[in-house]
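The values are calculated or read from the model by the stated rules, or taken from the named source; none is laboratory data. Small disclaimer: the values here were computed from a predicted structure and weren't measured. Note that we place each Cβ from the backbone using ideal geometry, even for glycine, and neighbour counts take in every protein chain shown.
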Amino acid sequence: MGGYFFAIFKAHSHIRNPRMKARLMAPHRPDHVWSDTHLLLPSPIRLSVPRRTVLGHMAAGVVGGALAGAAPGVARAGRAAALHAPAVVGRAAPPRPLIMLDPGHGGKDPGAIGFSGTYEKHVAEAAAQELSRQLLATGRYRVALTRASDHFIPLGSRVDMAQQHGAALFISMHADALHNASVRGASVYTHAHGASDSQTADLARTENSADRFAGPMVHGASPEVQRILASLVTEEARKGSSHMAQAVVSAFQSRVQLLTHPHRHAAFAVLKSAQIPSVLVEMGFMSNRLDEAALRQVGHRAMVAGAMCTAVNRYFASAGAGLTG
Ligand SMILES: [Zn+2]
């Protein structure tokens, strides 16, 4: 910008002093450079406004039009200031909702191991990274991952992380194994005390046993306490979870092969958040040769992530989903 101090005035109507306005509007001044809507002012500023005031306006987002509140510099300048900030024109935008992505397993827990040796933990992490990239590209969300590298995290800590960060939505990503290697397709799970079928019960048992890698310290909660914790799942979080699960199934329908009855229920430990709508997405099964081969492909993972991104958009766009977080 050289020696020029760059200031943007979207409109001059807020400048109440007519003489000042005339000076600002004069297009012939050689030390002012005009464009259609922007004015480049030489430095130091040749206005009867202390420079720190203008700097204060800029720091507060006044210059440029993104006014979130009264600029501190306006009050300090008092009567000496000829350059008036407009009144507050709108409320500060609410924070973008935070989506917590949870790539399953990690570190010493490889998750399921595929027919040709692929580790579920690597597929889950790569898919979560891709989904994170796509969600951030929309500009509508903040995204955090329970793990962004290959390390072990106990199941309870994953839920804690989501709650501590005030996540609006929790999405756990997996590609587990089933006894029946012929079963393939994606599915999405929400929390329930009982599993919706025996296949899902097996899956939840295997998945929850991930904490066996954590050692004895994380097994402090008794079954009674665990039941109480599970009962704290609020109706609101339950509805949100179900709504999100339906959005995932609907977004997958045209793009990703699904299991029959793709929305299932199970007592997955990572879905026990009392406050946060939570789903666990099985992107396919490592135990199926075709699913494993597909999930090894960058293009397939991008398509799965794309469908999940669509589901997130639909979830937040629909009434009642809530946008706080
Ligand atoms: Zn898993």
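Data for the structure
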{"quantity": "Number of positions in the stretch 244-268 that are surrounded by fewer than 23 Cβ atoms within 10 Å (Cβ to Cβ) and not in a strand (DSSP E or B)", "calculated": "10"}
{"quantity": "Wholly enclosed strands (runs of 3 or more DSSP E) of the stretch 127-197 bearing at least 2 residues among the small types (Gly, Ala, Ser)", "calculated": "186-191"}
{"quantity": "Residues satisfying the stated conditions in the stretch 96-105, i.e. surrounded by 24 or more Cβ atoms within 10 Å (Cβ to Cβ) and either more than 10 Å from the ligand (Cβ to nearest atom) or in a strand (DSSP E or B) (or both)", "calculated": "ILE99, MET100, LEU101, ASP102, PRO103"}
{"quantity": "Meets criteria (free of Cβ contacts under 8 Å to residues at least 40 places away in the same chain and over 25 Å from HIS300 (Cα atoms)) for SER198", "calculated": "yes"}
{"quantity": "Checking CYS309 against (1) over 14 Å from GLU120 (Cβ atoms); (2) in a strand (DSSP E or B); (3) not polar (S, T, N, Q), the condition it does not meet", "calculated": "(2)"}
{"quantity": "Looking only at the stretch 177-224, and only at residues there that are among the hydroxyl-bearing types (Ser, Thr, Tyr), within 13 Å of the ligand (Cβ to nearest atom) and modelled with pLDDT of 90 or more, the one that is nearest to PRO262 (Cα to Cα)", "calculated": "SER187"}
{"quantity": "Considering residues of the stretch 160-176 that are away from the ligand (no atom under 16 Å from the Cβ) and either buried (at least 24 other Cβ atoms within 10 Å of the Cβ) or not polar (S, T, N, Q) (or both) only, the residue farthest from GLY117 (Cα to Cα)", "calculated": "GLY166"}
